[in-house]
2 protein chains.
Amino acid sequence: METQTKTINGFNAEAIGKTVAAIVDNPKIAAFELRATNTWITGGHNRSFIQGFYGGCQEDTTREVPFVYDNDEPPILLGENKGANPAEVVLHGLLGCMTTSMTLLAAAQGIEIEGVTSRVEGDVDIQGFLGLNPNAGKGFKQIRVSFEIQGASEEEKQKLIALAQQSPIFNTLINPIDVQVEVH
Amino acid sequence: METQTKTINGFNAEAIGKTVAAIVDNPKIAAFELRATNTWITGGHNRSFIQGFYGGCQEDTTREVPFVYDNDEPPILLGENKGANPAEVVLHGLLGCMTTSMTLLAAAQGIEIEGVTSRVEGDVDIQGFLGLNPNAGKGFKQIRVSFEIQGASEEEKQKLIALAQQSPIFNTLINPIDVQVEVH
């Protein structure tokens, strides 16, 4: 750990610049492979493990134990609330990714932010999933995200919300993604 | 709780049939609005709260306290590993949703499953997020999902993996989604 380091929005300002310079010098270090594994428990209850990933041209070894997160369903969807529903989990990831994108890219530009809160709503018609209505669509029909940013002018807020939309997960949702599936 | 209820794959078999019949009778109960809120803490660390949702023509009140999940980044992405990275969180939601879709829809068809494990890898090139390469793309470039299903023939496995692909999150990822963003 360096001491006397300038931080902005909680990020090490010098490290942001060094990371960008390193990627410009060798774009391969920008390639990340992120991973998760999952084990079905019973009914709508299953458990994910998140630990290693590849990035910066190396396997990451900084996590001594995996993050363990449970998915379940509420009773109306035949589960027992032992974890959030997977669709809610994705909404949580979306808000987190947009928030980090905003605060990190703002820090890279020297823009300090006092506070950020956000809220998201997503519409799903489960007729699609159940195969009851081919017009219903199977995924989210619409997702609505609302941010509150403290300590920024109207003009800065517009700039910051544009930075939030650089988010990998925001862009994953608004674009079609190649998802390959295999079974053994 | 009913007793002497037949369960299949951990789901109440009778409840599945009743739910489908109720939706056929009144499709409005299939409309769900799922939600999350999030508060930035510092740097790449932020915290989501998941509790209420609308579905079955009513507000759900079964969760006495919210699910609380933290997002953070690993050190190479300028964080402190206080939670999984939001992109990993989305992969966790994807595996959970595909697993529940498979086991629930199999139960609806009377297909018993012994066990399911899965693994996912997703590629992100952070040049896109950082604005360093317009050709890099900002979201996941490709996601690869692999399932292991215990106690099923090859033919059953192919049928089960098709059921997994009814998943709302799988379909959210492979299709472009309307994501509305506002700031206050």
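What follows is calculated from the coordinates using simple rules that are stated; it is not laboratory data. These numbers come from a predicted model, not from an experiment. Note that we place each Cβ from the backbone using ideal geometry, even for glycine, and neighbour counts take in every protein chain shown.
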Taking chain A and counting helices only, DSSP H stretches of n ≥ 4 at -39,500 (n - 2.57) each over all residues, the nearest-500 ellipticity at 222 nm comes to -10000 deg cm²/dmol
Output row for A:Glu14: copy-to-copy label distances, label 7 Å along Cα→C-beta, ascending, in nanometres, one decimal, is 6.8
With a Förster distance of 35 angstrom and the Cβ-Cβ distance between A:Asp25 and B:Asn175, calculated FRET efficiency to the nearest 0.05 equals 0.40
Here the residues of segment B:56-83 lying in the modelled label zone of A:Thr61, meaning backbone nitrogen under 17 Å from a point 7 Å along Cα-to-Cβ, are B:75-76
Note: A:148-161 gets an average of partner chain Cβ contacts (10 Å, Cβ to Cβ) equal to 1
Under 5 Å from the placed amide H of B:Gly79, counting only residues 5+ away or on other chains, we find B:Glu73
With +1 on the Cβ of every Lys and Arg and -1 on the Cβ of every Asp and Glu, the dipole magnitude of segment B:7-83 about its Cα centre, in debye rounded to the nearest 20, is 100 debye
Along the dipole axis of segment B:18-104 (charges at Cβ: +1 for Lys and Arg, -1 for Asp and Glu; origin at the Cα centre), the most positive-end residue among B:Gly52, B:Pro74, B:Ala87 is B:Gly52
Cα-Cα longer than 29 Å, checked against A:Lys82/B:Lys18; A:Lys141/B:Lys82; A:Lys28/A:Lys138, kept in input order, equals A:Lys141/B:Lys82; A:Lys28/A:Lys138
Cβ density ranking, 10 Å radius, fewest first, applied to A:Cys97, B:Cys57 yields B:Cys57, A:Cys97
The Rg/Rh figure for segment A:9-83, Cα atoms and Kirkwood Rh, to two decimals is 1.19
With one decimal in nm and the nearest listed first, the spacings from A:His184 to its own position in the other copies, using label points 7 Å along Cα-to-Cβ, are 4.9
With +1 on the Cβ of every Lys and Arg and -1 on the Cβ of every Asp and Glu, the dipole magnitude of chain B about its Cα centre, in debye rounded to the nearest 20, is 180 debye
Cross-link reach from A:Lys157 to aspartates and glutamates, straight Cα distance under 13 Å and at least 8 residues apart if same chain, gives A:Glu112, A:Glu114, A:Glu148, B:Glu182
Here the percent of antiparallel bridges among DSSP beta bridges lying wholly in the protein assembly as shown, to the nearest 5, is 85 percent
Any helix of chain A counts here only if DSSP assigns it H throughout, its Cα atoms span 27 Å or more along the axis, and its mean Kyte-Doolittle hydropathy is at least -1.0, and such helices are A:86-108
Highest GNM mean-square fluctuation among A:Ala106, A:Ala162, A:Ala31, for chain A with Cα springs under 10 Å, belongs to A:Ala31
Per-residue average of other protein chain Cβ atoms inside 10 Å, peptide B:98-107 -> 6
Computed curve, the protein assembly as shown, Cα-only Debye sum without solvent term, log₁₀ I(q)/I(0) at 0.07 Å⁻¹, is -0.30
Rounded to one decimal in nm, the spacing of the 7 Å Cα→Cβ label points at A:Glu154 and B:Thr39 is 2.9 nm
Per the C-alpha gyration tensor (a ≥ b ≥ c, the square roots of its eigenvalues), segment B:33-123 is rounded if a/c is under 1.5, else prolate if a/b beats b/c, else oblate; here it's oblate
Burial-style ranking of B:9-15, B:122-128, A:148-154, average other-beta-carbon count within 10 Å with highest first, yields B:122-128, B:9-15, A:148-154
Label model pair A:Glu14, B:Arg119: point-to-point distance (7 angstrom along the Cα→beta-carbon line) in nm is 4.0 nm
Output for segment A:85-174 (equivalent-ellipsoid semi-axes, sqrt of 5λ from the C-alpha gyration tensor, Å, descending) is 32, 11, 10
at A:Glu155 the sorted inter-copy label distances (label 7 Å from Cα on Cβ side), in nanometres, are 7.0
Per residue of B:46-57, other chain Cβ atoms within 10 Å number on average 5
